[in-house]
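A.B. asks: Quick one: the structure is below, and I'll ask about it shortly.
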Amino acid sequence: MKITKSSGLTEEFDIRKLSNSLMRSGAPPEVADEIAAKVQEKISPLFRTKDIYRLARKLLKHYNLASGMKYSLKKALFALGPSGYPFEKYVARILDAHGYSAMVGQFIEGYCVKHEVDVVASKGNEHYFIECKYHSNGGKATDVKVAMYIHSRFLDIKKACELMPEHADTVHNGWLVTNTRCTSDAVKYAECVGLKMLSWGYPEKESLQKMIELKRLYPVTILPAARKKYLETLIKNDIILAQDIADLDEMTFLKKSGLDPNTSKILKKQADELCPCTA
């Protein structure tokens, strides 16, 4: 059976792929297989992947709310908008958790002009100048023109850095991070010129999805009660991850969040269910 992807292309429906995605969210194999079979019964040719995902998520939530929230991860990344700033803050937090030291919104003097860099990160003697490309839906891929533009900016920064004595032993890297996917030409170009790239499914063993899931770095938007109207307030108060809420007691979160008591209480309850290992 052919189904329609968010890009508009079609592919064969793969029940094992669906079952595996459910297991990654915490469903036992037998539950994942049962849900996948129920979804298969309900879909028809050219069914959209986002509708398949929505149906699977609904069934998964009946099994376990936390697993249902984890299955919403991709949707939660799309909710980090409408501006790209929340996504930039989120990327910095992911890098921090993986051993980098990251800062957002830095102005860097290039050889020709000054650049505003979304995220500047370092790890050992390596410095990374990162451009984040946020998209509000999965149909938008980052193409080769974006990769070429980011690489040209990086080269201007790199040339200026190499003239500084204090950077003599530093390795400089350009990096493109996006919450969706990159076109094959963008990947080919990046690999050719040495531009690092991180997207939902690339690179295969260290993709954005895997970096998030490995350390359970779920964005606050994964919580059902985290409506768009609350996002600006939460981000402003440096509450980026669901873990940030779970790490606080109820009264401290209420004071720090700037939200009304009822909303704060619901968000706290959901965060605790998603992150049960914390206080």
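A.B. asks: Return the FRET efficiency for the residue pair Met23, Phe107: r is the Cβ-Cβ distance, R0 is 41 Å, and the value is rounded to the nearest 0.05. Mind dumping the intermediate values first?
C.D. replies: Numbers: r = 44 Å, r/R0 = 1.08.
Approximately 0.40, to the nearest 0.05.
A.B. asks: Something else about it: Rounded to the nearest 20 Debye, what is the dipole magnitude of the range 115-211 about its Cα centre when Lys and Arg each give +1 and Asp and Glu each give -1 at the C-beta?
C.D. replies: The calculation lands at about 360 debye.
A.B. asks: To continue, here is another question. Within the range 220-279, list the trypsin sites (Lys or Arg not before Pro) lying in a DSSP loop whose Cβ has at most 15 other Cβ atoms in a 10 Å radius.
C.D. replies: When the trypsin sites (Lys or Arg not before Pro) of the range 220-279 are filtered for loop state and at most 15 Cβ neighbours within 10 Å, Arg227 remain.
A.B. asks: Further question on the same structure: Between exposed GluC sites (Glu not before Pro) in the chain, where DSSP calls loop and at most 15 other Cβ atoms lie within 10 Å, what's the longest gap?
C.D. replies: 1-161
A.B. asks: Kindly report, to the nearest 10 Å², the accessible surface of Thr49 as traced by a 1.4 Å probe over protein heavy atoms only.
C.D. replies: Probe radius 1.4 Å; accessible area of Thr49 about 40 Å².
A.B. asks: Oh, and also: Given only helices, namely DSSP H runs of n ≥ 4 each adding -39500 (n - 2.57), what is the per-residue ellipticity at 222 nm of the chain, to the nearest 500 deg cm²/dmol?
C.D. replies: Value at 222 nm, helices only: -14500 deg cm²/dmol.
A.B. asks: Still on this structure, please answer the following. In whole percent, what relative contact order does the chain give with Cα contacts below 8 Å and a gap of six or more residues?
C.D. replies: 14
A.B. asks: Using 26 Å as the Cα-Cα cut-off, could you pick out the over-long pairs in Lys17/Lys75; Lys89/Lys205; Lys50/Lys188; Lys2/Lys133; Lys75/Lys133?
C.D. replies: Lys50/Lys188; Lys2/Lys133
A.B. asks: If you add up the charges near Gln106, with Lys and Arg at +1 and Asp and Glu at -1, over every other residue whose beta carbon is less than 9 angstrom from its beta carbon, what do you get?
C.D. replies: -2
A.B. asks: Post the alpha-carbon centroid distance, the range 134-203 to the range 37-80, in whole angstrom.
C.D. replies: Result: 31 Å between the Cα centres.
A.B. asks: Still on this structure: Around Cys275, what is the net charge, scoring Lys/Arg as +1 and Asp/Glu as -1 over all other residues with Cβ under 12 Å from its Cβ?
C.D. replies: Values: positive: Lys70, Lys215, Arg216, Lys268, Lys269; negative: Asp244, Asp247, Asp272, Glu273.
Taking every other residue near Cys275 into account, the sum is +1.
A.B. asks: Let me ask something else. What is the spin-label model distance, in nm, from Arg227 to Lys75 if the labels are put 7 Å beyond Cα along the C-beta direction?
C.D. replies: Result for the modelled spin labels: 1.7 nm.
A.B. asks: Can you tell me the FRET efficiency between Ile266 and Lys2 if r is taken as the Cβ-Cβ distance and R0 is 35 Å, rounded to the nearest 0.05?
C.D. replies: Working from the Cβ atoms, E equals 0.30.
A.B. asks: Determine the relative contact order of the range 1-127: mean sequence separation of Cα pairs under 8 Å and six or more apart, normalised by residue count, in whole percent.
C.D. replies: On the way: 133 pairs, mean separation 20.9, N = 127.
Relative contact order here is 16 percent.
A.B. asks: Who wins for biggest fluctuation among Leu259, Leu73, Leu60 in a Gaussian network model of the chain, springs between alpha carbons below 10 Å?
C.D. replies: Highest fluctuation among the options: Leu259.
A.B. asks: Which net charge results for the neighbourhood of Gly84, defined as the other residues with beta-carbon distances under 11 angstrom from its beta-carbon, given Lys and Arg at +1 and Asp and Glu at -1?
C.D. replies: Net local charge, Gly84 excluded: -1.
A.B. asks: Round to a whole number: what % of the accessible area of the range 1-137 belongs to carbon and sulfur, probe 1.4 Å?
C.D. replies: For the range 1-137, the apolar C and S fraction of the accessible surface comes to 51 percent.
A.B. asks: I've got another one for you. Go ahead and run the numbers for FRET between Glu162 and Lys210, Cβ-Cβ distance against an R0 of 41 Å, rounding to 0.05.
C.D. replies: 0.80
A.B. asks: Continuing with the same structure: In debye, nearest 20, what is the charge dipole magnitude of the chain about its Cα centre with +1 on Lys and Arg Cβ and -1 on Asp and Glu Cβ, if you could check?
C.D. replies: Around 1080 debye, computed over the chain.
A.B. asks: Next question, about the same structure. With springs connecting C-alpha atoms under 10 Å apart, model the chain as a Gaussian network and identify which of Asn137, Asn237, Asn173 has the largest mean-square fluctuation.
C.D. replies: Maximum fluctuation in the GNM of the chain, among the listed residues, is at Asn237.
A.B. asks: Let me ask something else. Name the shape class, rounded, prolate or oblate, that the alpha-carbon gyration tensor gives for the chain, where a ≥ b ≥ c are the square roots of its eigenvalues, rounded holds for a/c under 1.5, and otherwise prolate holds if a/b is larger than b/c and oblate otherwise.
C.D. replies: Because a/c hits 1.5 or more and a/b fails to exceed b/c, the chain counts as oblate.
A.B. asks: Same structure, new question: Can you find, among Ile94, Leu46, Val104, the residue farthest towards the positive end of the dipole of the range 1-124? Put +1 on the C-beta of Lys and Arg, -1 on that of Asp and Glu.
C.D. replies: Sorting the options by dipole projection puts first Leu46.
A.B. asks: What number comes out for accessible area per residue over the chain if the probe is 1.4 Å? Units Å², please. Mind showing how you got there, number by number?
C.D. replies: Numbers: 14430 Å² over 279 residues.
Ligands and nucleic acids excluded, the figure is 52 Å² per residue.
The values are calculated or read from the model by the stated rules, or taken from the named source; none is laboratory data. As the structure is a computational prediction, the values presented were derived from the model and not from experiment. We place every Cβ from the backbone using ideal geometry, glycine too, and count neighbours over all the protein chains shown. The accessibility values were calculated without ligands, DNA or RNA, using every heavy atom of the protein model including side chains. Shrake-Rupley method; radii C 1.70, N 1.55, O 1.52, S 1.80 Å.
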